[in-house]
Amino acid sequence: MNIKIGCTGWSYQGWSGTFYPKNLKSSEWLKYYSQLFEITEINSTFYKIPDQEIVKRWNTDTPRHFRFTAKFPSIITHEKRLDRVNSEVFSFLSSLSPIHDKVSSLVLQLPPSLSFEEARPRLGELFDLLPDDFTYPIEGKHESWFSEDAITYLKQNKHCLVWNEVAGVNNPMPITTDYLYIRLIGDRSISEFGKIIKNKEKQIANWSKKLQQIKDIPLAMVMANNHFEGFGPATANSLRINLGMRELIWEEKKQKTLGNF
């Protein structure tokens, strides 16, 4: 299985001097990030449909092999709850056109109040609009998304149900299609980013074991959030090491290591 591990975003001030070199301009952060990681989830699209000029810079700043995933804007998923969202969907897809060839997935992160029963007919209409160019993992948080009916529906329509570690969500993590999308989110108690606040080595080891046990799934995308331990890149690195992948060494990590001699 090809496992792509990245972070939910790259533009965090707390990473300056811990992940990014202290003197590196924020405009250079994505370029630096993409020299180490091969994928990221764009978190900012949840809050606002991006300007195409910004997206063009994302394309320029990343190598050809780099991949993006992006969250659908909240106006689609949370405000309108997937109902009558044609114009917003087209605006969102259009905004991403400069990175079209680098987009792997567009994530439907749904509010905890949106049940499978309410969303089901709207999903049918939504997927009639969406092109086959990308995959569209669905992060349902209402308990009904983990029911037998929901899982059967997702399997029949080849929709991926996002696996996540989120406070208050009891996700049984069923396999519903031919790829996995995993979000290590944690909780909102961590507000300081850039260092490990909560050590979750045991949970990361468990995720590693689960991934290693899965057969016949060609691709898994795993996104680490700062709220999981306090420092997304370190969480991603820890999972990589548990999986026997190469440890990523960034400049600040090199400096810290050299300082110990």
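Any read-out appearing in this document is the output of simple, stated calculations on the displayed coordinates, not a laboratory observation. What you see is a predicted model, and the numbers here were worked out from it, not measured in a lab. Ideal geometry is used to build each Cβ from the backbone, glycine not excepted, and the neighbour counts take in all protein chains shown.
Extension gain, ILE217-ASP128: 0.36 nm per intervening residue step, less the Cα-Cα distance, totals 29.5 nm.
Label separation (THR152 vs SER11): 4.5 nm, computed from points 7 Å beyond Cα along the C-beta direction. The protection proxy used here, the mean number of other Cβ atoms lying within 10 Å of each residue, ranks peptides 106-112, 57-63 as follows, highest first: 106-112, 57-63.
Which FRET efficiency value, to the nearest 0.05, is calculated for SER189 and LEU36 with the Förster distance at 35 angstrom and r the Cβ-Cβ distance?
That pair, SER189 with LEU36, gives E of 0.80.
Spacing of the modelled spin labels on GLU201 and ARG57, each 7 Å from Cα toward Cβ, amounts to 4.0 nm. Modelled spin-label separation between ASN2 and ILE249, with each label point placed 7 Å from Cα along the Cα-to-Cβ direction: 2.7 nm. Per-residue ellipticity at 222 nm, computed for the chain from helices alone with -39500 (n - 2.57) per DSSP H run of at least four residues, works out to -9500 deg cm²/dmol. For the pair ARG81 and TYR47 in one chain, pulling the backbone fully straight at 0.36 nm per residue adds 10.8 nm over the alpha carbon distance. Local charge for TYR136 was computed over the other residues whose Cβ lies under 13 Å away, with Lys and Arg +1 and Asp and Glu -1, and equals -2. Residues of the range 36-80 falling in the label zone of LYS25, defined by backbone nitrogen less than 15 Å from a point 7 Å along Cα to beta-carbon, are 57-58, 61.
Of all segments of the chain bounded by GluC sites (Glu not before Pro) found in a DSSP loop with no more than 16 other C-beta atoms within 10 Å, the longest spans 39-191. Per-residue 3J(HN,Hα) values for the range 22-38, derived from phi via the Karplus relation 6.51 cos²θ - 1.76 cosθ + 1.60 with θ = phi - 60°, read 4, 8, 6, 5, 4, 5, 9, 5, 4, 4, 5, 4, 6, 7, 10, 8, 9 Hz in sequence order (x marks Gly and Pro).
Among the trypsin sites (Lys or Arg not before Pro) found in the range 8-55, those both in a DSSP coil and sparsely packed, with 15 or fewer other Cβ atoms within 10 Å of their Cβ, are LYS22, LYS25, LYS48.
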